[in-house]
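K.L.:
Handing you a structure now.
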Amino acid sequence: MQDAPNIYAAPAAELAGQAPQHAELAAFVGKKAPYFLPKWEGALEGRSASGFNLGALFLGVLYLLYRKLYVQGAILVGVLIAWSVLEEFVPISPGLNAGLQLAFYAVVAFKANDWYLQLALGKIANAKSEGYEGEELLQILRKRGGVNAWAPLLLVAGFVLLVALAEFLPA
């Protein structure tokens, strides 16, 4: 059975003039490659981090899940749950709490692009180790990369379900 083409993949003509690594990264990222590739230039050359990600600042775990950063998203959920539990036992002023949360999300925003680059490089290395190359490699990267809109939606639905259950369960 033939896979349906990825409508979010960069057109082959755009990939043709790029270095192989850029073509592979562009195939993995899809339509947002023009955003990510320039940000990753310094990191790929080993001279700098890849910048600040506004989506990660405001959406946090939802952004990470959308970009298929599942491990980082799970860790972030764990940290947020631990923070909520800690708040029940340790009195923290609202101002300090807000400041600490802002600092935490700023760290996530500064690291999100780097985490996404590491994910992309790992998936590229895995595909190459499986023997994919050329156009076949780009096709498999398009399939394995991109985004997952369902993951953040499922997290939100699960949260809404838990809140609804908590409302209806006896105390």
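The values are calculated or read from the model by the stated rules, or taken from the named source; none is laboratory data. Since the structure is predicted, the reported quantities are computational estimates derived from the model, not experimental observations. Backbone-built Cβ (ideal geometry, glycine too); neighbour counts: all protein chains shown. Note: accessible area is taken over every heavy atom of the protein model, side chains too, but ligands, DNA and RNA are not part of it. Shrake-Rupley method; radii C 1.70, N 1.55, O 1.52, S 1.80 Å.
K.L.:
Can you give the local net charge around ALA112? Use residues other than it whose beta-carbon is closer than 15 angstrom to its beta-carbon, Lys and Arg +1, Asp and Glu -1.
P.N.:
+4
K.L.:
Given [x] -0.37, -0.66, -1.33; [y] -0.28, -0.50, -1.18; [z] -0.40, -0.66, -1.17 as candidate values of log10 I(q)/I(0) by the Debye sum over Cα atoms at q = 0.09, 0.12, 0.18 Å⁻¹, which corresponds to the one derived from the coordinates?
P.N.:
The calculated read-out lines up with [z].
K.L.:
At a Cα cut-off below 19 Å, give the aspartates and glutamates reachable from LYS32, other chains included and same-chain residues fewer than 8 away excluded.
P.N.:
GLU14, GLU24, GLU41, ASP114
K.L.:
Once every DSSP H run of n ≥ 4 in the chain is given -39500 (n - 2.57) and the sum is divided by its residues, what mean residue ellipticity at 222 nm do you get, rounded to the nearest 500 deg cm²/dmol?
P.N.:
Here the helix-only value at 222 nm equals -23500 deg cm²/dmol.
K.L.:
Can you compute the FRET efficiency between ALA49 and ALA149 using 1/(1 + (r/R0)^6), with r the Cβ-Cβ distance and R0 = 30 Å? Round to the nearest 0.05.
P.N.:
Between ALA49 and ALA149 the formula returns 0.65.
K.L.:
Another one. So what is the accessible area of segment 9-167 per residue, in Å², with the probe set to 1.4 Å?
P.N.:
About 58 Å² of surface per residue is accessible.
K.L.:
Using θ = phi - 60° and the Karplus form 6.51 cos²θ - 1.76 cosθ + 1.60, what ³J(HN,Hα) does each residue of segment 49-60 get, whole Hz, x for Gly and Pro?
P.N.:
After applying 6.51 cos²θ - 1.76 cosθ + 1.60, I find 6, 9, x, 9, 10, 4, x, 5, 5, 8, 9, x Hz.
K.L.:
For ALA166, put the label point 7 Å out on the Cα→Cβ axis and report which residues of segment 92-119 keep their amide N under 16 Å from it.
P.N.:
none
K.L.:
Quick check: from the Cα gyration tensor, does segment 100-171 come out rounded (a/c under 1.5), prolate or oblate?
P.N.:
Here segment 100-171 falls in the oblate category.
K.L.:
Another question, if that's okay. Of all accessible surface on the chain at a 1.4 Å probe, what whole percent is carbon and sulfur?
P.N.:
68
K.L.:
Only loop residues by DSSP count here, and only those with at most 16 other Cβ atoms within 10 Å; note down the chymotrypsin sites (Phe, Trp or Tyr not before Pro) in segment 31-93 that meet that.
P.N.:
Counting only loop positions with at most 16 other Cβ atoms within 10 Å, the chymotrypsin sites (Phe, Trp or Tyr not before Pro) in segment 31-93 are PHE52.
K.L.:
For LYS39, give me every one of the lysines with a C-alpha distance below 17 angstrom, ignoring sequence neighbours fewer than eight places off in its own chain.
P.N.:
Those lysines meeting the cut-off are LYS31, LYS111.
K.L.:
Based on DSSP H assignment, which helices of the chain show an axial Cα extent of at least 30 Å together with a mean Kyte-Doolittle hydropathy greater than or equal to -0.5?
P.N.:
Qualifying helices, which must be both long enough and hydrophobic enough, are 94-129.
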